[in-house]
Structure formats: C-alpha cells, structure tokens
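The structure appears right after this line, and notes come after that.
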Amino acid sequence: MMPVPLDILFEDEAVLAVNKPAGLLTIQDGYQPHLPHLYAQVVQYLGQAWIVHRLDKDTSGLVLFAKTAPAHQRLSLAFEQRQVQKTYLAICLGQPTWETLTVNRPLRINVGRRHRTIVDPSRGQPARTDFHVIERFSDCALVGCSPHSGYTHQIRAHLFSIGHPILQDPLYFSAAAPPPAQPPIQRLALHAAQIHLTHPFTFQPLSLQAPTPTDFLTAIQALRHSV
C-alpha cells in the first residue's frame, strides 16, 4: 500500500499517538524490509522516536510512540506492569451465548511455520482477555475486547479458542463458525479503539481514542441490514 499522511490523535512533549490504517506495518518487516511501515513515517516526522507497542499489519487503530528515551522507559514500564487499559473492537463469527466473558487461557506465541499464537496450558504464559457483546447480527457479533496482557495475536487466539474467530482472520478460523458468503469487510475485522493510561510525566489520566474506520463502519451497517 502507498504510505498515507500520519493521522495524529495526540501529541505533546513526551507522547505521540497515531491512528494506524489497516494494511500498514507498525515496524519494518524482517523478510521484506522494503515494505512501508508506520515507524518510518513517525521518524520522518519527529526525527527520532521510540516504539512503545505494536499492532498487527491488518489491525487498524491507536499506536503510541515515545518522543524521548525517558518517556519510552516510563511508558514501557506501564505496559509491562499492565497499567495501560486497551480496548479493541472486533467482529467475531458465530453467536456468543454470553454478554460478558473473561478468558483466562495461557498462550504460547510464535508456534509453527505460520507463527501462530496458541492456547497451551503446559508451556503457555498466563493471559487474560475480557470480552463484552456490543451488538448482535445474524451470524456475527460486534464485541469489545480488553486484553490484560499484551501477547502477539492475544485477542485473535483467545476468540478462536472459544469458537468465535474474528471475521476475515487468515490465521485463526474454524469450520464450526463459517464466514458469510460475501464478507462485508476485506481485512481482519479488528480495531484498536481506545487506550487509557497515566501520562509518564504529568501523571494525569490520559484517554485516547481512534475513530472507527470507514470499512469497519460499512461492515457493521451491512451486517445490520442482513439481520
């Protein structure tokens, strides 16, 4: 994809929050280093920057960067100590039997040739994700997802493990929850919508939000009309 201008959601002397479009890598790909990535755009804008966390290529939404080394240290510690609250929107396949659900299932990352994350009770690391149903459709549901740990593909793997893989997920899918014949969205239906944290220097609450992208909203409208 062609790089698009940075969509800056928040900026001060320590923190930069950017709305990453789906299809753009967060950092350089080790196998295809020529592909555009968000970090390169941020460095071009700021001169230097520190990555705090990442999103999968096909996930849209909020990504935080530190503008100084001390800010990076404090933000990274906040993530490590699980003092950052993240909320994602996902369209999952199937009809959940619950309104809210907490999934506590240990995860092991980077498994196999496709580098998947799997539930592994014996060798996995503790991982928790809270889910709540926002809206129901005929064969899908819009769910809010709050991961309390930050493992690669955590939301995707946890939803897959309970029989509700994310719509258009090429890595985690199940014959038990077949996708619609004509998917209403052409990429992974996952959006990093909100982050709540304490500012690393002012120590004031900082609440950031990334608007829901057009393709995601269009998919929701299409699913509503299919009910």
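The values are calculated or read from the model by the stated rules, or taken from the named source; none is laboratory data. Only a predicted model underlies this, so the values are computations on that prediction, with no experimental measurement involved. Every residue, glycine among them, receives a Cβ derived from its backbone with ideal geometry; neighbour counts consider all protein chains shown. These accessible areas exclude ligands, DNA and RNA; they are computed on the full protein's heavy atoms, side chains included. Shrake-Rupley method; radii C 1.70, N 1.55, O 1.52, S 1.80 Å.
Side notes on the structure shown:
- Some residue of segment 110-117 being buried (at least 20 other Cβ atoms within 10 Å of the Cβ), within 17 Å of the chain's Cα centre (by Cα) and not basic (Lys, Arg): yes
For every residue, the table says whether it meets (1) open to solvent by less than 30 Å² (accessible area, probe 1.4 Å); (2) part of a loop (DSSP other than H, G, I, E, B).
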site	(1), (2)
Val42	yes, no
Gln48	no, yes
His53	yes, yes
Pro70	no, no
Ser76	no, no
Thr97	no, yes
Val103	yes, no
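- Segment 78-95 - residue that is touching a residue at least 24 places away in the same chain (Cβ under 8 Å) and closer than 16 Å to Thr198 by Cβ and, of those, most open to solvent (accessible area, probe 1.4 Å): Arg82
- Restricting Phe216, Phe173 to those that are touching a strand residue (DSSP E or B) at 6+ places or on another chain (Cβ under 9 Å) and either open to solvent by less than 10 Å² (accessible area, probe 1.4 Å) or closer than 25 Å to Leu77 by Cα (or both) reduces the list to Phe216.
- Positions within segment 105-129 being within 17 Å of Ile162 (Cα to Cα) and in a loop (DSSP other than H, G, I, E, B), in sequence order: Arg105, Pro106, Asp120, Pro121, Gly124, Pro126, Ala127
- Residues satisfying the stated conditions in segment 118-129, i.e. closer than 30 Å to Leu217 by Cβ and open to solvent by less than 50 Å² (accessible area, probe 1.4 Å): Ala127, Thr129
- Single match in Arg82, Arg74, Arg105 (criterion: modelled with pLDDT under 95 and not small (Gly, Ala, Ser)): Arg82
- Residue, most open to solvent (accessible area, probe 1.4 Å), within segment 1-40, restricted to residues that are in contact (Cβ under 8 Å) with a residue 12 or more places away in the chain, of a type in the set (Val, Ile, Thr) and over 20 Å from Tyr151 (Cα atoms): Val4
- Segment 189-213, residues that are of a type in the set (S, T, N, Q), surrounded by fewer than 13 Cβ atoms within 10 Å (Cβ to Cβ) and part of a strand (DSSP E or B): Ser207
- Criterion violated by His132 - all others in (1) open to solvent by 60 Å² or more (accessible area, probe 1.4 Å); (2) in contact (Cβ under 8 Å) with a residue 40 or more places away in the chain; (3) within 15 Å of Pro165 (Cα to Cα) satisfied: (2)
- The single condition among (1) β-branched (Val, Ile, Thr); (2) surrounded by fewer than 16 Cβ atoms within 10 Å (Cβ to Cβ); (3) not in a loop (DSSP other than H, G, I, E, B) that Thr152 does not satisfy is (3).
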